[in-house]
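Asker: Please find one structure pasted underneath; my questions will follow.
The values are calculated or read from the model by the stated rules, or taken from the named source; none is laboratory data. No experiment lies behind these values; they were computed from the predicted model shown. Neighbour counts run over all protein chains shown; Cβ positions are idealised from the backbone, glycine included. Heavy atoms of the whole protein, side chains included, go into the accessibility calculation; ligands, DNA and RNA do not. Shrake-Rupley method; radii C 1.70, N 1.55, O 1.52, S 1.80 Å.
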Amino acid sequence: MAAILPGATLGILGGGQLGRMFAFAAKRMGYRVITLDPTPDSPCGQVCDEQIIADYTDESALRKLAAASDVITYEFENIDAHAVEFIESLNKVVHPNSHVLRVSQDRLLEKKFLRDAGLGVTPFASVNSLSELEAAQESIGLPAVLKTVRGGYDGKGQAMVYDAAGAQAAFARLYRGHALIWEKKVDFTKELSVVACRDQQGTTAVYPVSENVHVENILDIGMVPARISERAAKLAREMAESVGRSLGIVGTYCVEMFFVDDENILVNEIAPRPHNSGHYTIDAANCSQFEQQVRAICGLPLGEAGFIRPSVMANILGDGKGNSLLGVSDALRIPSLALHLYGKPIAAAKRKMGHFTVLGGTLEVALHRAQAARAALYWG
Ligand code: AMP
């Protein structure tokens with residue numbers, strides 16, 4: 001297929017911060033960007049050429065997006081796969097395609113796919129009734145994590161389970177006719193992620209491994225390079241490449257992993273889109289995860305995925321105490337710090353409002369700088 005060249009219009013389902021950063025990359029390269037999101041003045045809508053304000057299930061809005069766009073992508077995986085299938089039925093290309101979306105938004109399908117592809121995953125079982133709950137506890141064991149199969153993110157829709165009473169309580173809270181998955185709790189030493197981008201010919205650009213720290217299930221910081229052996233880093237990157245190849249992804253994606261030891265790295269989940277843990281690539285890589293997404297969906301050659309200097313990316317979450325970020329001047333005095341804010345007016349508690357990336361000659365220096373920036377920034 002002929003490449004989609006600058007000047008063309010790229011459509012994106014979802015107008016959040018990932019869409020915003022995608023739009024920055026696309027606009028820099030001379031593309032037009034149109035987003036569809038139900039919330040007016042969305043983070044992406046603020047910076048792209050046009051926002052269609054409509055629900056993802058609104059077929060006339062989806063038709064409008066399809067008609068206006070040369071190719072379409074999406075920025076989060078909890079949109080209804082029917083929306084993507086509907087656009088495909090209009091003979092408009094969506095990258096990654098609806099099959100990729102379907103697998104990655106269903107934890108059971110995803111785990112089965114990963115297991116069949118020969119990648120390590122934690123033992124799991126489907127739970128749709130109290131008897132299946134007891135069977136899962138028997139066959140897979142405790143401790144475990146009980147999760148909704150669909151719709152969960154940032155730790156929502158899941159519970160740690162340590163005993164039979166906890167299992168019953170978690171089931172009562174989570175099971176509302178929604179399918180659940182019982183996962184054996186992994187005794188990991190670190191959480192890792194690898195962002196990669198696969199083009200239409202199957203070439204994959206794989207970024208270095210990020211070591212991620214979560215607080216209350218939300219990504220807090222990502223450190224690159226991850227503090228693991230070269231051997232483990234090679235294995236993690238090969239696993240990420242294998243996910244993209246086996247699933248036939250076109251575009252940027254992220255594979256989140258549990259690092260147990262050098263021989264045991266398990267895949268937790270796949271995000272078929274640019275990822276929070278890949279934001280460092282904007283400031284610390286030759287070509288960002290968002291530019292790679294633009295290149296891949298447009299049929300252009302991928303950029304280099306190597307990093308320039310060690311980096312720490314830290315999320316800036318709202319705390320519900322005020323909507324103005326203060327201490328910005330102090331933070332910007334820190335060398336090699338880049339501040340990214342997403343244009344969200346209300347800094348509700350735990351809402352992702354922005355992030356900063358800070359580079360250093362070594363990861364330790366970057367970590368010190370990140371701590372200083374954290375101390376400087378506050379909401380008021
Ligand atoms: P998830 O929504 O699957 O990304 O899970 C959110 C976080 O919960 C992960 O980043 C882990 O810290 C933790 N978690 C999820 N699944 C497991 C598991 N099977 N074993 C241990 N920790 C888990």
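Asker: Of the conditions (1) under 16 Å from residue 121 (Cα atoms); (2) out of contact with any strand residue (DSSP E or B) (no Cβ under 9 Å at 6 or more places or on another chain), residue 229 fails just one. Which one is it?
Answerer: Here residue 229 clears every test but (1).
Asker: Taking residue 281 as the residue in question, decide whether it is surrounded by 22 or more Cβ atoms within 10 Å (Cβ to Cβ), assigned to a strand (DSSP E or B), of a type outside the set (D, E, K, R) and at pLDDT 95 or above.
Answerer: Details: surrounded by 22 or more Cβ atoms within 10 Å (Cβ to Cβ): yes; assigned to a strand (DSSP E or B): no; of a type outside the set (D, E, K, R): yes; at pLDDT 95 or above: yes.
So residue 281 does not fit the description; no.
Asker: Considering 308, 316, which residue is out of contact with any Leu (no Cβ under 7 Å at 6 or more places or on another chain) and among the β-branched types (Val, Ile, Thr)? Talk me through it step by step, then tell me what you get.
Answerer: Numbers: 316 fails: out of contact with any Leu (no Cβ under 7 Å at 6 or more places or on another chain).
Only one candidate qualifies: 308.
Asker: Which one is nearest to the ligand (Cβ to nearest atom) among residues in the stretch 100-124 that are β-branched (Val, Ile, Thr) and within 13 Å of residue 243 (Cβ to Cβ)?
Answerer: The residue in question is 121.
Asker: Which one of these is among the aliphatic types (A, V, I, L, M) and part of a loop (DSSP other than H, G, I, E, B): 373, 348, 366?
Answerer: None of the others qualify; the one that does is 348.
Asker: Sticking with this one: In the stretch 83-106, which residues are open to solvent by 30 Å² or more (accessible area, probe 1.4 Å) and not aliphatic (A, V, I, L, M)? Break it down into steps so the answer makes sense when it comes.
Answerer: Step one: filter the stretch 83-106 for residues open to solvent by 30 Å² or more (accessible area, probe 1.4 Å), giving 85-86, 88-93, 97, 99, 102.
Once the filter is applied, which keeps residues that are open to solvent by 30 Å² or more (accessible area, probe 1.4 Å) and not aliphatic (A, V, I, L, M), the stretch 83-106 yields 85, 86, 88, 89, 91, 92, 97, 99, 102.
Asker: Continuing with the same structure: If I filter the stretch 9-32 for residues that are of a type in the set (D, E, K, R), under 22 Å from residue 199 (Cα atoms), open to solvent by 20 Å² or more (accessible area, probe 1.4 Å) and touching an Asp or Glu at 6+ places or on another chain (Cβ under 7 Å), do I get at least one hit?
Answerer: Yes, the conditions are met somewhere in the stretch 9-32.
Asker: Can you find a residue in the stretch 256-273 that is under 15 Å from the mean Cα position of the chain (by Cα), assigned to a loop (DSSP other than H, G, I, E, B), in the same structural domain as residue 357 (by TED's automatic domain parsing) and within 15 Å of the ligand (Cβ to nearest atom)? Step through it out loud before you land on a result.
Answerer: Narrowing the stretch 256-273 to residues under 15 Å from the mean Cα position of the chain (by Cα): 256-257, 267-273.
This time we only want the ones that are assigned to a loop (DSSP other than H, G, I, E, B), so: 272-273.
From the residues that got through so far, the ones that are in the same structural domain as residue 357 (by TED's automatic domain parsing) too are 272-273.
Filter once more, keeping what is within 15 Å of the ligand (Cβ to nearest atom): 272-273.
Yes, the stretch 256-273 contains a residue that is under 15 Å from the mean Cα position of the chain (by Cα), assigned to a loop (DSSP other than H, G, I, E, B), in the same structural domain as residue 357 (by TED's automatic domain parsing) and within 15 Å of the ligand (Cβ to nearest atom).
Asker: Okay, next question. Go through (1) open to solvent by less than 60 Å² (accessible area, probe 1.4 Å); (2) not in a loop (DSSP other than H, G, I, E, B) and name the single condition residue 67 misses.
Answerer: With (1) open to solvent by less than 60 Å² (accessible area, probe 1.4 Å); (2) not in a loop (DSSP other than H, G, I, E, B) applied to residue 67, the lone miss is (1).
Asker: Please work out which residue is modelled with the lowest pLDDT, limiting yourself to the stretch 51-64 and to residues that are open to solvent by 60 Å² or more (accessible area, probe 1.4 Å) and of a type in the set (Val, Ile, Thr).
Answerer: Looking at residues that are open to solvent by 60 Å² or more (accessible area, probe 1.4 Å) and of a type in the set (Val, Ile, Thr), I get 57.
Asker: Right, another one. Residues being farther than 27 Å from residue 349 by Cα and surrounded by fewer than 15 Cβ atoms within 10 Å (Cβ to Cβ): count how many of those fall in the stretch 287-333.
Answerer: Qualifying residue count, the stretch 287-333: 4.
Asker: Which residues, taken from the stretch 107-131, are open to solvent by 70 Å² or more (accessible area, probe 1.4 Å) and among the charged types (D, E, K, R)?
Answerer: Within the stretch 107-131, 112, 115, 116 qualify.
Asker: When the residues of the stretch 138-163 are narrowed to those that are open to solvent by 50 Å² or more (accessible area, probe 1.4 Å) and away from the ligand (no atom under 11 Å from the Cβ), which ends up farthest from the chain's Cα centre (by Cα)?
Answerer: The residue in question is 138.
Asker: How many residues does the stretch 237-279 contain that are in contact with a helix residue (DSSP H, G or I) (Cβ under 6 Å, 6 or more places away or on another chain) and more than 12 Å from residue 195 (Cα to Cα)?
Answerer: The qualifying residues number 6.
Asker: Then there's this: Can you tell me which residue among 247, 219, 266, 180 is in contact (Cβ under 8 Å) with a residue 40 or more places away in the chain, touching a Phe, Trp or Tyr at 6+ places or on another chain (Cβ under 6 Å) and either farther than 30 Å from residue 3 by Cα or crowded, with 16+ Cβ neighbours inside 10 Å (or both)?
Answerer: Values: 247 fails: touching a Phe, Trp or Tyr at 6+ places or on another chain (Cβ under 6 Å); 219 fails: touching a Phe, Trp or Tyr at 6+ places or on another chain (Cβ under 6 Å); 180 fails: touching a Phe, Trp or Tyr at 6+ places or on another chain (Cβ under 6 Å).
Within the list 247, 219, 266, 180, the selection yields 266.
Asker: From the list 195, 186, exactly one residue is more than 10 Å from the ligand (Cβ to nearest atom) and of a type in the set (Val, Ile, Thr). Which is it?
Answerer: Exactly one residue qualifies, and that residue is 195.
Asker: Could I ask something else about it? Between residues in the stretch 198-212 that are in the same structural domain as residue 229 (by TED's automatic domain parsing) and on the phi > 0 side of the Ramachandran plot and residues that are away from the ligand (no atom under 16 Å from the Cβ) and not in a strand (DSSP E or B), which pairs lie under 8 Å by C-beta distance while being six or more apart or on different chains?
Answerer: 202/245
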